[in-house]
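The values are calculated or read from the model by the stated rules, or taken from the named source; none is laboratory data. Treat the numbers as computed from the prediction; the structure is a model and nothing was measured. Every residue, glycine among them, receives a Cβ derived from its backbone with ideal geometry; neighbour counts consider all protein chains shown.
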Amino acid sequence: MCWFFKIFGNTGKDKPEKKTHQEVKEIDLSNIKVVFEELEAMSEPIVKIKRDWQDKNQTLGKCSVYDSDNKPLFSSLSLERGWRGNQKSISCIPLGEYDLVLEYSNRFKTNLWEIKKVPNRSECKFHSANYWFELNGCIALGCSLLDINKDGYNDVTSSKNTMKAFHKSLKEFNKVKLIIE
């Protein structure tokens with residue numbers, strides 16, 4: 001199951017007073033600077049993947065996005081290749097901390113989150129996929145597990161929609177931190 005959390009919203013605490021245009025003769029700009037300072041000071045969210053199961057072909061886990069206060073913004077299942085010694089195109093990437101940068105992908109013809117500074121690897125991205133063999137060192141996200149093609153491996157479902165929600169949860173940023181545990 002996927003969880004998509006609303007990033008920004010009125011909590012009900014700060015409901016503005018309703019005023020007619022005749023009552024508003026002067027605009028108070030003092031709070032605008034504070035809002036911009038808060039946005040500038042807002043630190044980037046953190047993407048975490050917690051790997052739960054792995055064999056030589058496939059790795060399954062959970063992917064979560066947390067804001068700077070460690071509140072969840074997004075959560076889904078993750079799918080990767082299995083561990084094969086960090087070999088290019090056939091292995092998941094090693095555990096660790098990485099930069100995640102939003103970049104245009106010529107292959108997919110859209111902006112994708114690319115995992116940077118993976119030892120001896122490049123072009124490791126987050127993109128939609130249902131099966132482990134569709135990934136060449138990349139990471140796919142989905143909502144549930146189901147053996148779609150009856151090969152004995154759980155596949156992820158709703159990957160395209162889950163990836164859209166993942167992108168939406170990070171829409172204010174073009175670089176974030178990724179932690180794989």
Item to complete: Out of the residues in region 43-59 that are among the basic types (Lys, Arg) and part of a strand (DSSP E or B), state the one that is farthest from ASP147 (Cα to Cα).
Response: LYS48
Worksheet, complete the sentence: The residue that is nearest to VAL101 (Cα to Cα), considering only those in region 60-70 that are assigned to a strand (DSSP E or B) and in contact (Cβ under 8 Å) with a residue 60 or more places away in the chain, is VAL65
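A quick yes/no check of all residues on (1) modelled with pLDDT under 50; (2) in contact with an Asp or Glu (Cβ under 6 Å, 6 or more places away or on another chain); (3) surrounded by fewer than 13 Cβ atoms within 10 Å (Cβ to Cβ); (4) among the β-branched types (Val, Ile, Thr):
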position: LYS13; (1), (2), (3), (4): yes, no, yes, no
position: THR20; (1), (2), (3), (4): yes, no, yes, yes
position: LEU77; (1), (2), (3), (4): no, no, no, no
position: ASN86; (1), (2), (3), (4): no, no, no, no
Worksheet item: If the Cβ limit is 8 Å and pairs must be 6+ apart or interchain, which residue in region 89-105 that is free of Cβ contacts under 8 Å to residues at least 24 places away in the same chain pairs with which residue that is assigned to a strand (DSSP E or B) and surrounded by fewer than 19 Cβ atoms within 10 Å (Cβ to Cβ)?
Response: GLU103/ASN111; TYR104/THR110; TYR104/ASN111; SER105/ASN111
Worksheet entry | Selected residue [touching a residue at least 60 places away in the same chain (Cβ under 8 Å), out of contact with any Cys (no Cβ under 6 Å at 6 or more places or on another chain) and of a type in the set (Gly, Ala, Ser)] from SER158, SER169 | SER169
Fill in: Test: residue in region 88-98 that is at pLDDT 95 or above, part of a strand (DSSP E or B) and surrounded by 15 or more Cβ atoms within 10 Å (Cβ to Cβ)
yes
Discussion item. Which count do you get for residues in region 132-155 that are assigned to a loop (DSSP other than H, G, I, E, B), within 24 Å of GLN87 (Cβ to Cβ), in contact (Cβ under 8 Å) with a residue 40 or more places away in the chain and out of contact with any His (no Cβ under 9 Å at 6 or more places or on another chain)?
Written reply: 4
Response to the item:
Screening ASN174, ASN149, ASN154 for residues that are surrounded by 14 or more Cβ atoms within 10 Å (Cβ to Cβ) and not basic (Lys, Arg) leaves only ASN154
Worksheet entry | Close pairs (6 angstrom Cβ cut-off, 6 or more residues apart or separate chains): at pLDDT 95 or above in region 36-55, assigned to a loop (DSSP other than H, G, I, E, B) and of a type in the set (Asp, Glu) anywhere | LYS50/GLU181
Worksheet entry | Matching residues in region 99-122 - criterion: being over 17 Å from LYS175 (Cβ atoms) and crowded, with 16+ Cβ neighbours inside 10 Å | ARG121
Item to complete: Could you tell me whether any residue of region 78-94 is within 18 Å of TRP113 (Cβ to Cβ), of a type in the set (A, V, I, L, M) and more than 14 Å from the chain's Cα centre (by Cα)?
Response: yes
